Amino acid sequence: MELESKTLIRGGEFIIKQTRPENIFTPEDFSEEQIMMKESVQEFIDREIWPNKERFEKKDYEFTKLCMQKAGELGYLGVSIPESYGGMGMGFVSTMLVCDYISGATGSFSTAFGAHTGIGTMPIVLYGNEEQKQKYVSKLSSGEWFGAYCLTEPDAGSDANSGKTKAVLSEDGNHYFISGQKMWISNAGFANLFIVFARIEDDKNITAFIVPNDPENGITMGDEENKLGIHASSTRQVFFNETKVHVDHILAERGQGFKIAMNALNVGRIKLGVACLEAQRRVISGAVQYANKRVQFKTPIAQFGAIKEKIARMATSCYAGESANYRAAHDIELKIKSLQEEGLNHQKAELKGVEEFAIECSMIKVGTSEDIQNCSDDGIQIFGGMGFSADTPMESAWRDARIGRIYEGTNEINRMLSVGMLVKKSMKGELDLMSAVMQLASKMESGIVEDEISIDQPLNVELIKIKNLKRVFLMIAGASFQKHGQELNKNQQILLGLSDMMIEIYFAESSTLRTIKNLNRGLKMTYQMDMSKLYVFNATEIVTSRSKEIIGNISEGTAKIDLLKNVHHLCRYEDLPNIIAIKNRIADKIIEENKYCF
């Protein structure tokens, strides 16, 4: 498998190339400025948000707005906004870092922050003309105004381009009159401005409009929705009744709304992923602190193996999620910088930079949103009966986490998108996937592929295992395409299985490379090595299982036997690690520190 060249990295390329540890960015690479920013955000959350969790649970929407205004005053709403429009003009990694640490205390504030800074503001930053940006962006970046994103309709969810909201041009050609119904609109209750998607005449694609919120201009709202979680996130229906919008408020060009929506979702997906991390850290810390205090059978329950099992699992998924998020964020930042050096302006460079890594954005959204759900579920279980009580933070953490698997396109949609985009890149010649499949097939025919294992190199077994997992993916993906061809996109269960394999490979590789990079520069990584080993072991089990499911569907006879034999060979462990001992070491360290400490 070819070694990755940093200058040639492309989105999705990880699956066909072997990445060098020195080529990835890790949280241990944060600059002094980024560490100061992180500490500033943590201090804000601990002072303003965490002590007031009960107010969020009691649907105090005004308090959410007040906290957003304070975040604006501190500059957090404008981290990614160019300085010329009142923002801080920081890079993509710094933007992710702020989104990470500002999102841990409550899903209500996290949703308000994410909806405003992402889909409520970035469409104007990335697609607006100069007049539109000068008029609106500085107000949004300071918190003087708040934004909301009106895309979803009763009959248009995952199929975003099927919306029925209409925009009719006035007789004098100066205005559009927008009529329609939007639902599940975050921040609707206090938004000053909407990004509204509507169809002009019988256009194939929808168009995006910038629409200031004016109740006297045909804009009305439904009541606040009663939701499972994110109680103080304002979520309402918005109705437009011949709302008058000047033609100069079209965002980009007529018919580009679907493109804007999809690119906005790419950014939203990776930011939703990183927004799950601090929530995980706080759940882990809260759970282990309770487990250290809770005594049963004259022993703190933290000392029981069943509890250690959960703590190790929670911590390992968090470590892997951190690794994947910041790896992808830095790759996006490097791409944006390179495009700017080629002469592209900020708008086009950021759009193309994020779009290049749309596969990773979808995978990260899926993986991390499911990790926080599982983590909070384990947190409830560690608390036992108290975990089911609304008086403890685990109950609200679990409810708030549930929306992550639906936001920014459901996890099912994102799973299928990640594989579909990989195939599309291959068909367009942007990723040489088929050559990798054919080369692997040729090697497999001539004899089982083997790699040398160096006992002296830390995590070498895991690196080889990850390389073999990539080979399994290529083998199964190639066989699936051979079976179904262009109809593969209609076989959703195969796509779901392939996507699960990709996600596990990316997260396993990210955590392992992070650990090796830090080992190579002299950092102590004893427990991080354990977490990398544990994640690779679990990823191998998932890849094996998903491969078998697909093989049973796409092959028969000797072809099935050969595929199963190859999967078994590539996924086997010559020397099975002591997984229980690994879990205990990870858990014991967290129990000793009384918090998530990595």
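Only the coordinates and a few stated rules stand behind these numbers; no lab work does. If you're wondering where the values come from, they're calculated on a predicted model, not measured in any experiment. Cβ sites come from the backbone with ideal geometry, for glycine too, and all protein chains shown count toward neighbours.
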Apply the membrane-span-like helix rule to the chain: whole DSSP H runs, Cα extent along the own long axis of at least 30 Å, mean Kyte-Doolittle hydropathy at least 0.0. List the helices found.
358-383, 460-484, 492-520
The range 320-405: GluC sites (Glu not before Pro) falling in loop per DSSP and having at most 10 other Cβ within 10 Å:
342
Identify all lysines with a Cα-Cα distance to residue 533 below 19 Å; exclude those on the same chain that are fewer than 8 residues away in sequence.
308, 310, 465, 467, 470, 517, 524, 583, 589
Given points 7 Å out from each Cα along the Cα-Cβ axis, report the residue 168 to residue 135 separation in nanometres with one decimal.
2.4
Pull out the extension gain between residue 435 and residue 344, defined as 0.36 nm times the separation in residues minus the alpha carbon to alpha carbon distance; nm, one decimal.
29.6 nm
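Can you check how the C-alpha radius of gyration of the chain compares to 2.2 N^0.38 Å, as a plain ratio?
Normalised Cα radius of gyration, the chain: 0.98.
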Which whole-number percent gives the relative contact order of the chain, counting Cα pairs below 8 Å spaced six or more residues apart?
15
Give, as a single signed number, the net charge of other residues whose beta carbon lies under 14 Å from the beta carbon of residue 396, with Lys and Arg counted +1 and Asp and Glu -1.
+1
Indicate, rounded to the nearest 5 percent, the antiparallel portion of the DSSP beta bridges found entirely in the chain.
75
Restricting things to alpha carbons, tell me how big the range 275-410 is in terms of Rg and Dmax, in Å.
19.0, 68
Report ³J(HN,Hα) in whole Hz for each residue of the range 189-202, in order, from the Karplus equation J = 6.51 cos²θ - 1.76 cosθ + 1.60 where θ = phi - 60°; Gly and Pro get x.
x, 10, 6, 9, 8, 10, 9, 10, 10, 8, 9, 9, 6, 10
Cα-based Rg / Dmax (Å) for the range 414-593:
17.6, 54
Per the helix-only calculation at 222 nm, which mean residue ellipticity applies to the chain, given -39500 (n - 2.57) for every DSSP H run of n ≥ 4 and division by its residues, nearest 500 deg cm²/dmol?
-18500 deg cm²/dmol
Pseudo-spin-label distance residue 482 to residue 39, built 7 Å along Cα→Cβ, given in nm, is 5.8
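Rank by packing, highest mean first: peptides 298-305, 465-472, with packing defined as the count of other Cβ atoms within 10 Å averaged across residues.
Working: 298-305: 14.0, 465-472: 23.1.
In descending order of packing, they fall as 465-472, 298-305.
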Simple SL model, points at 7 angstrom along Cα→Cβ for residue 299 and residue 390; separation in nm is 3.6
